[in-house]
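Some notes on the structure that comes next.
The values are calculated or read from the model by the stated rules, or taken from the named source; none is laboratory data. Fair warning: this is a prediction, and the values are worked out from it, not measured in the lab. Cβ atoms come from the backbone with ideal geometry, glycine included; neighbour counts cover every protein chain shown. In case anyone asks, the SASA skips ligands and DNA or RNA and just uses the protein heavy atoms, side chains included. Shrake-Rupley method; radii C 1.70, N 1.55, O 1.52, S 1.80 Å.
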Amino acid sequence: MNIIKSLEPATYHTSSYPDSSADYRLDIHAIDLPDESVDVVICSHILEHVNDDLALAEIARILSSGGQLIAMVPLIEGWDHTYENPDVVDDRARELHFGQHDHIRYYGRDFREKITQTGMGLAEFTANGHQSVEYRLLRGEKIFLGSKPTS
């Protein structure tokens, strides 16, 4: 499993918001890039912090035809539905409800639908013990691979 190396990117850029140490400062809710201008987006543990419907729509918009989304989120496979509660707003309560003070949800199995509702295809991979160590992933972490259809 070497998803990123297998893509053989000629160039890559980093983005972080509001961090200024990355190549770009992009707001995932309104990504300041042209339509279909990016071949691969890696979104590692970001969607649980933001409005994921807006973020996924923006990612789908900027992905080129045949482009790939590599996404990782905190996922509870035993839950049918994502747990969100807009009344939980302070840091301590968010830590209790969502496992971290700046999270606004824990995903259930319906996360897959969030990706496919954007029109992307979906595959997934679960890291085994060795891969978790080799790639520094959470034990049993799922990696979701969204793919924008070719035009």
**Complete:** Rounded to the nearest 5, the percent of antiparallel DSSP beta bridges in segment 33-114 equals 20
**Prompt:** If you roll a 1.4 Å probe over segment 2-150 with all protein chains in place, what percent of the accessible area is carbon or sulfur?
**Reply:** 51
**Complete:** In nm, the gap between the two label points placed 7 Å beyond Cα toward Cβ at Ala30 and Thr126 is 4.1
**Asked** For the charge dipole of segment 30-93, defined by +1 on Lys and Arg C-beta atoms and -1 on Asp and Glu C-beta atoms about the Cα centroid, which residue among Leu54, Gly67, Pro86 has the Cα displaced farthest towards the positive pole?
**Response** Gly67
**Prompt:** Any idea of the accessible area per residue across segment 20-151, 1.4 Å probe, to the nearest Å²?
**Reply:** 56
**Asked** What residues qualify as long-range amide H neighbours of Asp39, i.e. H under 5 Å apart, gap of 5 or more or another chain, H built at 1.01 Å from N?
**Response** Ser64
**Request:** Give me the percent of DSSP beta bridges within the chain that run antiparallel, rounded to the nearest 5.
**Result:** 60
**Message:** Whole angstrom only: what separates the Cα centroid of segment 107-151 from the Cα centroid of segment 32-75?
**Reply:** 12
